[in-house]
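To start, the structure itself, in structure tokens.
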Amino acid sequence: MGITDDIAGDWQASLAALAWHVDLGVDEVIGEAPINRYDLAETVRAPAAPAAPAMAAKAVAVAAPTLPQVDAVEAARAAAGRATSLPALREIIAGFDLCDLKKGARNTVFADGNPAARVLILGEAPGRDEDIEGRPFVGRAGQLLDRMFAAIGLSRSAAEPEAAIYITNVLPWRPPGNRDPEPDEIAMMRPFVERHIALMDPQVIVVMGNIPLFALTGQKGVMRARGNWTTALGKPMLPMVHPAYLLRNPIAKREAWADLLSLQSRLRART
Ligand code: URA
């Protein structure tokens, strides 16, 4: 191998390592300057200086302060209840600091589409593309979602409520590495979803996948629930499989199409 091969090899290895990290969910460089951790080794291994006896005695005497326990779900409910409009709700969610997912996210992804739409689509959580752009469903799954609803004459950019959709997610922050949201994260953010739906006041809700189905009904198993209209938060609700699932299992598009036709006839019956 010559010098050029070496360089090419390094380059390809670096690219492969980078792709591997991106697959694992790494999407940010934390520090600007590299840290030589070999230089730090001695500092880390060096034993800590023993505490002065007087200080140690004092440390034993001082009782640990008891911090008041915050009930995050109650705090979310109180915060959500203060929102009297969708822009106000957006601000309140962006300022809500009790959910750790916020710390790792670049953007609070609130919603997209026409708030006057008759149809509200509830997804799961932002992925990488949504986190970067700050809008729900803009990646590959989102593009499929747009094509699916366009097939029945609905779009997020339509000005007329009859032709429009409005899109939001259960979680406004991207879970690291696109992992599934934890039940406590869902429970914490549910009051915001409830308020969001109450303020937007759609005629029907479409839940996309397991997570929003669980968030609104406590029910698991969207494959069984899909296509069956039910009621959630006082609104007719249609469960559908998530477009990301359809990308992996195109065979399931047949059922998704049946569900879209069911939505279309429901909307036609109400005009
Ligand atoms: N999947 C979701 O459920 N929501 C998004 O916003 C993007 C992908």
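The values are calculated or read from the model by the stated rules, or taken from the named source; none is laboratory data. Keep in mind that what you see is a predicted model, and the values were worked out from it rather than measured. Reconstructed Cβ throughout: ideal geometry from the backbone, glycine too, with neighbour counts over all protein chains shown.
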Review point. Do we have any residue at all in region 161-179 that's under 20 Å from Pro239 (Cβ atoms), within 15 Å of the ligand (Cβ to nearest atom), without any contact (Cβ under 8 Å) to a residue 40 or more places away in the chain and crowded, with 16+ Cβ neighbours inside 10 Å?
Key: no
Check your understanding: Scanning for something touching a Cys at 6+ places or on another chain (Cβ under 8 Å) and farther than 19 Å from Ser265 by Cα, does region 187-209 turn up at least one residue?
Key -> yes
Exercise for review: Among the residues of region 201-224, write down those that are of a type outside the set (Val, Ile, Thr) and more than 16 Å from the ligand (Cβ to nearest atom).
Suggested key: Asp201, Pro202, Gln203, Gly218, Gln219, Lys220, Gly221, Met223, Arg224
Practice item. Check region 217-224 and report whether any residue there is modelled with pLDDT of 95 or more, in contact with a Pro (Cβ under 7 Å, 6 or more places away or on another chain), among the hydroxyl-bearing types (Ser, Thr, Tyr) and under 17 Å from Glu124 (Cβ atoms). Key: no
Revision key, fill the gap. Asp146: passes all of (1) more than 14 Å from the chain's Cα centre (by Cα); (2) in contact (Cβ under 8 Å) with a residue 24 or more places away in the chain; (3) crowded, with 17+ Cβ neighbours inside 10 Å but (2)
Study note, to complete from the structure: Restricting region 240-257 to residues that are within 12 Å of the ligand (Cβ to nearest atom) and not aliphatic (A, V, I, L, M), the one nearest to Phe149 (Cα to Cα) turns out to be Pro243
**Study point:** Among residues of region 96-112, those that are in a loop (DSSP other than H, G, I, E, B), more than 13 Å from the ligand (Cβ to nearest atom) and either closer than 15 Å to Gly127 by Cα or touching a Phe, Trp or Tyr at 6+ places or on another chain (Cβ under 8 Å) (or both), counted
**Key:** 3
